[in-house]
Amino acid sequence: MAGRDAVEGDPILDRLLMWLDERARLNPSHYVDVTRFVEEQQLDGEDPSVPPFELEQRDLVKIARNMGGTPDVHLSDAGRVAVSRLKKRQQDRAARLRYTMDAFLRWLFDTAGDQSPTDPSLFLATPSASFAGAAISGTDLHQALAHLAEPNLIERIDPATVSITPEGVSCALSGGSVQDHTNRARTGATYNNFLPNAKGVIVGEQQHFTQNNTDGVDPTLFVQLAGYVGQVSPTLGMPEPDRAELESVAQALHDEATSENPEPGHLRQFATELKDKPLVAGTTMAATMGVQMAEQALGALVQ
């Protein structure tokens, strides 16, 4: 759908659409110099010509090209539809809170990833502090801080400052949303908490299973595979239903591999599914490594 990326993602583009809509109401037939938008929004360092071209690629604006300077811009029909969607989106309180939590945690990680105390109100002056083209309010931020503090993603140092916690850093590095991170924690999907060390061993995971079983199966590689897939799944760029299915299979493999007597047929089934699904997700380094780990585990099962 035309404009979907702008409507559901980039805060600067969303704000520009809303700004152009306001100008169009005052002068319906006029093209507007976007330099004024950059100045009014205090977007220091932002090239005024880039956002209009990004919107043009989405068919949301029409550009009057000239020999030099910033192009003049006018909303297209698709742009007016996108503005209407943005206005409806602004009324979604749950979506606004989820966005504020994600945006603030990313900002805090970028600003004070060393866990130094930071004034959270500084976030409100950043370009990211807007949802669907509307500014994030102090109330929005206050609610987001409460929800981030509950699962220990941030810590209140005093009434005026907060810091990011190691758990918050882990959430930021995962590439997923805060909601995804906290949901996995509630369901007990502990495999996301373990990463391979320099020798490829999942640190801390060995306590959850035994290699002494009647079938002579060494589940170590399968536990490592499940833990790795669970950790990198948010970074694979998969649609949400596919990612949820991938994590479900990883959890099933983890449960089977850490059971008292793992069934080789089940291990082979789950590992094969994990091998195939990352291939569908793309050719990223994380996907390729997941496939290699699955092949290694399956190869050890055959021997």
Diffusion coefficient, µm² s⁻¹, Stokes-Einstein with Kirkwood Rh over alpha-carbon pairs of the stretch 219-301 at 10 °C and 1.306 mPa s: 130
What are the equivalent ellipsoid semi-axes of the stretch 30-187, built from the alpha-carbon gyration tensor (square roots of five times its eigenvalues), in whole angstrom, biggest first? 35, 18, 14
Can you give the FRET efficiency to the nearest 0.05 for Arg36 and Lys88, using r as the Cβ-Cβ distance and R₀ = 45 Å? 0.95
Might you tell me the accessible area per residue for the stretch 11-88, computed with a 1.4 Å probe and given in Å²? 55
Lys and Arg at +1, Asp and Glu at -1: add these up for the other residues within a Cβ distance under 12 Å of Val83 and post the number. +4
Which length gain, in nm to one decimal place, applies between His142 and Asp47 when the Cα-Cα distance is subtracted from 0.36 nm times their residue separation? 31.0 nm
Grab the beta carbon distance between Thr288 and Gln179, set R0 = 30 Å, and tell me the FRET efficiency rounded to 0.05. 0.60
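The values are calculated or read from the model by the stated rules, or taken from the named source; none is laboratory data. Bear in mind that the values here come from a model prediction, so they are computed numbers and not experimental data. All Cβ positions, glycine included, derive from the backbone under ideal geometry; neighbour counts span all protein chains shown. Side chains included, ligands, DNA and RNA excluded: accessible areas come from the protein's heavy atoms. Shrake-Rupley method; radii C 1.70, N 1.55, O 1.52, S 1.80 Å.
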